[in-house]
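Remarks on the structure that follows.
The values are calculated or read from the model by the stated rules, or taken from the named source; none is laboratory data. Bear in mind that the values here come from a model prediction, so they are computed numbers and not experimental data. We place every Cβ from the backbone using ideal geometry, glycine too, and count neighbours over all the protein chains shown. These accessible areas exclude ligands, DNA and RNA; they are computed on the full protein's heavy atoms, side chains included. Shrake-Rupley method; radii C 1.70, N 1.55, O 1.52, S 1.80 Å.
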Amino acid sequence: MIHFVLLISRQGKVRLTKWYSPYTQKERSKVIRELSGMILTRGPKLCNFVEWRGFKVVYKRYASLYFCMCINQEDNELEVLEIIHHYVEILDRYFGSVCELDLIFNFHKAYYILDEVLIAGELQESSKKTVARLVAAQDSLVEAAKEEAASISNIIAQATK
Amino acid sequence: MLALKQLHDQESKNDKKRRLHSSCAGHFIKSHNSNLEQLKTIGRELAMGSQGGFGQSKEFLDLVKSIGEARSKSEEDRIVLREIETLKRRINEPDIPKRKMKEYIIRLVYIEMLGHDASFGYIHAVKMTHDDSVLLKRTGYLAVTLFLNEDHDLIILIVNTIQKDLRSDNYLVVCAALNACCKLINEETIPAVLQQVVELLGHQKEAVRKKAVMALHSFHHKSPSSVNHLISNFRKKLADNDPGVMGATLFPLYDLITIDVNPHKDLVASFVNILKQVAERRLPKTYDYHQTPAPFIQIKLLKILALLGSGDKKSSEQMYTVIGDIMRKSDTASNIGNAILYECICCISSIQPSPKLLETAADAIANFLKSDSHNLKYMGIDALGRLIRISPDIAEQHQLAVIDCLEDPDDTLKRKTFELLYKMTKSSNVEVIVDRMIDYMISINDNHYKTETASRCVELAEQFAPSNHWFIQTMNKVFQHAGDLVNPKVAHNLMRLIAEGFGEDDDTADSQLRLSAVESYLKIVDEPKLPSAFLQVICWVLGEYGTADGKYSASYISGKLCDVAEAHSTDDIVKGYAVTALMKVYCFERAAGRKTSLLPECQSLLEELSASHSSDLQQRAYEFRAILDLDTNAIENIMPLDASCEDIEIDKNLSFLDDYVQKSIEQGAEPYIPESERSGTLNISKIRNHNSYEHSTHSLRFEAYEVPKPVVPTNIPTTVTYPTDLVPVTVSEPSYQPSVQPTWPLVPVSDAGSGSVSGSSELKLRLDGVQKKWGKPTYSSGASSSASNFESNRTMVNGAPQPDTVISKPHAPRQSHVEVSEEKQKLAASLFGGTTSRSERKQSGGATGHSKVSRITNPGEDKVRPATVTAVVQPPPPDLLDLGEPVADTSGYSSTVDPFKQLEGLLDLSQDVNAASASASAAATTGATASNDPDLLSLYSGIDTVGNQNLTSMNGSVNPTKRTTSLTKGPNLKDALDKDALVRQMGVNPTSQNPNLFSDLLG
């Protein structure tokens, strides 16, 4: 099971965090601090895994962004490495040559996509196409809703007040 | 990788980014002049330019940008705090347009993501989930799933909405609600939605079915019993038309099978069949991942099969073919192929072994270990650890690879390798492995892992120790370097081991053992920075056995002990141990009839301690002085030689005091009221005593107060505080006399049971809340030890110092009553709590028994070991340097490099650098010049420029710190031979099976 997903920049800035296991805000900050200290300092040729507090953290660097996932001892690290890559590929399809900037300004979209890839700490969909289709459906719905919100519901809201 | 490149070739045509940034491209090139002002302007332009693209307000974009530009955490925090203030104000304004609110919520998410508290806005996020607009609802759900843990109070406000949304006609709303279910529904609220979620298993949209399955999976995590009755539903879903739903169903099934395998045995055939179909590419192409058919589903299936086939020959046999097929087909060049291979190995090692598959697995492991990739090596080591349980011989052919991994600068790999070694330890290789582990333990900084390594060393040493000497030496090392981290019980065990020896009858061996312990401690004791626990052991052993052999003179030992006390002047416990040890040395000398005088430094130590702030130390000092004036006979009785293991009798009822109590009561003393009665019936006793109080309070007293008399003898222990070492000595008069009095009537244990009694209750008092857990040779740790002490009825003759003792002479009698009985209650509680100590003793006796069995005295070893002990103190741990470099690098980075470093293309795989003109904008985005180009190129090869610099600096720093013994890579014959020898020592021998052993790994 994946306990959390972290996206940290090379400079240690947090780009995205998603917690599948309960952590308090304090613990979260501590975890991020500890892990960025461990991961950002590792050389490029070393394992993409670090052992941490009885868990394993699998990370992969894309440009200046580190994708980290914390998993259980008995999980398959190589698989998780590919889950990370799977997610990045989907992001790439969605944003079109995704870059860190996309994620910085569209973190909520990254969250939506992550929600289609992982659920309850497990990989829910291994078909990129399916994920893309679902996200697109949501987006089109959002577009529609946006227009609607702009026109009708606003009028109604105004009228009912 | 190839596929991805293609993907990129196609998609690089599109390019929102180019659109976005082409206007800024020129600026970016200029930005390389690293003119800060200019950078900021560009940043602003960029943000403006991106406004349309990102669809958020300028305000928010500015926030994100300013945080991006923040140079330090504190600056970032300042910005965020300001933002929080703004939001707090704005979000509570009335009539906020919904779109505005949505943005506020997203800003809250952002704040929370950066580690700040946005709880003031949670309620607005919750409200937003109620909204009719799907857009807002979705934002609301996203925010609440990020904000709230399942135990948050606001959850109850969401459950209703979730219920409603699960019934929605819009499948996207249902999906959003199901997503929220996974995170927010807790054990109590599961019943509220369970039925609906189960119904959704039959929803026409596969996305909904899939999420419903996963929601049930998460319910299972939170409360396994809630979904146990749904097995049949899951089984049905296994046959779902949609591969995604089928894949999702594997998760709850895996959970259920983990809990109990048996009801699912009939599914083996289905799983094997599905796996076969997947491997034969029967699933839609879209499930392929890098040309591998649905690898994630394969892996999950293999995990399930591993569970089902474990210890079940019949089921296992059904799997052999398909596993063999998958292993043959898997693509060893790709990461995902190796992931599947690894999972196959795990499966093979779990199910009923098949020789053929084991062979395939061994080959796969060999490939992993031979690989250049650290990841694969790591997986190989892990897989080896799994397979080794089934076929122990397999390690043989990989020994050199394993040693290489052990020497690797990568800490993760090293740890994994130590884990493997730990698994393969036996009595023949324990020495090498434990030595290695200790070396490694010394080098690591991470306390969590250091503790684990230390306890593993101790465990292996206790289990496999080839000789007692080795055991002691090993323990010394562990203590020396991780003394504060190991379980205090370990120290206690060590002391007992030395005290009791190993053999019942073999006295010479025992004294040899002690001598070697003393020798080793004398060598170590001068080291700076020894952990307190270890110093206590040293002092105790030196005091007890330092002079026993006559090899070392009393003055030499005393000198050392004084040094210890002096060097560790802040550690009262160690000082206490040292003084007591000095006292023992002195007493043994006197008892042996030798003329002794105190060393001057010992004298001055005593003087110093007599005025110590610690009453315990003070008392010890006074006792020592008292002993100096005693005659030899008395001393012999107080401090019998080597009596730490003798039992003493304790009369727990204190019956021998009955006469005395009787007499006191006859003389008018108040009878003792147990504390329980007193506190329980406070009012009653007040009333009862009213008269007497009245007498004393309402009238003036003219006669002098009578001499304070102990009302009840049991208060002796509280008031008179002997050091435990003196415990056998008791005072015939319950005394309020200062304990300094040198003329105490001293009654040896042998003729006065009373001695032990007072000692016992005293012991109990002192042990309470005392940090020192293993002062007595036989006691276990903690509060329970005080009780168990009584159980085991051990003597306190040579017990350890008790730091908490109080010289509390003028106690009011009543008060001491209270104290005593409190202690008594505790004692009672712990007495009735159980007889831990005895069983524990037996256990650890058994442990020593172990080492007894495999006792091989290796006389040469004694000489060698101490040398290594000192050699071990090699300070700079390599990873310290590892850490140091890049950290510095990072800070330098952030301060000098432009903030638009963040713009680096994540997947900007325009591999063709020559087409730079085409990707000029992209290159510009990365602020790229030639130096950054490799970044683009190497995204997937995992190499990057910054990292490269790190690597070089790291290699530089690691190499020098390599231990001289370490086996360096390279075709050096001597090294190779060394390595071979090491390997053999570890119990694995090269065979003719792979003569290329050396060339493979060293080349």
**Selection from segment A:1-12 of residues that are facing chain B (nearest Cβ under 8 Å) and in a strand (DSSP E or B)** = A:Ser9
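Every residue, every condition in (1) more than 22 Å from B:Gly550 (Cβ to Cβ); (2) small (Gly, Ala, Ser); (3) at pLDDT 75 or above, yes or no:
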{"residue": "B:Phe479", "(1), (2), (3)": "yes, no, yes"}
{"residue": "B:Asp506", "(1), (2), (3)": "no, no, no"}
{"residue": "B:Gln512", "(1), (2), (3)": "no, no, yes"}
{"residue": "B:Val525", "(1), (2), (3)": "no, no, yes"}
{"residue": "B:Leu530", "(1), (2), (3)": "yes, no, yes"}
**Asked** Do we have any residue at all in segment B:228-236 that's assigned to a helix (DSSP H, G or I), touching a Lys or Arg at 6+ places or on another chain (Cβ under 9 Å) and open to solvent by 20 Å² or more (accessible area, probe 1.4 Å)?
**Response** no
**Message:** Quick check on segment B:601-625: of everything there that is of a type in the set (A, V, I, L, M, F, W, C) and within 20 Å of B:Ser555 (Cα to Cα), which residue is surrounded by the fewest Cβ atoms within 10 Å (Cβ to Cβ)?
**Reply:** B:Leu606
**Message:** Based on this model, can you work out whether B:Arg78 counts as free of Cβ contacts under 8 Å to residues at least 60 places away in the same chain, within 21 Å of A:Arg33 (Cα to Cα) and away from chain A (no Cβ under 11 Å)?
**Reply:** yes
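Please determine whether any residue of segment B:174-189 is over 39 Å from the mean Cα position of the chain (by Cα) and open to solvent by less than 10 Å² (accessible area, probe 1.4 Å).
Among the residues of segment B:174-189, at least one is over 39 Å from the mean Cα position of the chain (by Cα) and open to solvent by less than 10 Å² (accessible area, probe 1.4 Å), which makes the answer yes.
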**Prompt:** more than 11 Å from chain A (Cβ to nearest Cβ), assigned to a helix (DSSP H, G or I) and among the basic types (Lys, Arg): does that describe B:Lys183?
**Reply:** no
**Message:** Considering only residues that are at the interface with chain A (Cβ under 10 Å from one of its Cβ atoms) and acidic (Asp, Glu), which ones fall in segment B:125-154?
**Reply:** B:Asp131, B:Asp132, B:Glu150, B:Asp151
**Fill in**
Quick count over segment B:194-218, residues being part of a helix (DSSP H, G or I) and open to solvent by 20 Å² or more (accessible area, probe 1.4 Å), is 7
**Matching residues, segment B:239-271, being closer than 15 Å to B:Gly309 by Cα and open to solvent by 20 Å² or more (accessible area, probe 1.4 Å)** = B:Tyr254, B:Thr258, B:Ile259, B:Asp260, B:Val261, B:Asn262, B:Pro263, B:Lys265, B:Asp266, B:Ala269, B:Ser270
**Prompt:** Is at least one residue of segment B:578-590 open to solvent by 30 Å² or more (accessible area, probe 1.4 Å) and either out of contact with any strand residue (DSSP E or B) (no Cβ under 8 Å at 6 or more places or on another chain) or closer than 16 Å to B:Val525 by Cβ (or both)?
**Reply:** yes
**Request:** Please specify each residue of segment B:125-148 satisfying the condition of being part of a loop (DSSP other than H, G, I, E, B) and farther than 12 Å from B:Ala180 by Cβ.
**Result:** B:His130, B:Asp131, B:Asp132, B:Ser133
**Request:** Please note which helices (runs of 4 or more DSSP H) are completely contained in segment B:291-358 and include at least 3 residues that are within 14 Å of another protein chain (Cβ to nearest Cβ).
**Result:** B:295-309, B:335-350
**Message:** Looking at segment A:52-70, can you tell me whether even one residue there is open to solvent by 20 Å² or more (accessible area, probe 1.4 Å) and touching a strand residue (DSSP E or B) at 6+ places or on another chain (Cβ under 7 Å)?
**Reply:** yes
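Which of the residues that make up segment B:80-126 are of a type in the set (A, V, I, L, M), within 25 Å of A:Gly12 (Cβ to Cβ) and open to solvent by 20 Å² or more (accessible area, probe 1.4 Å)?
Residue satisfying the conditions is B:Leu81 alone.
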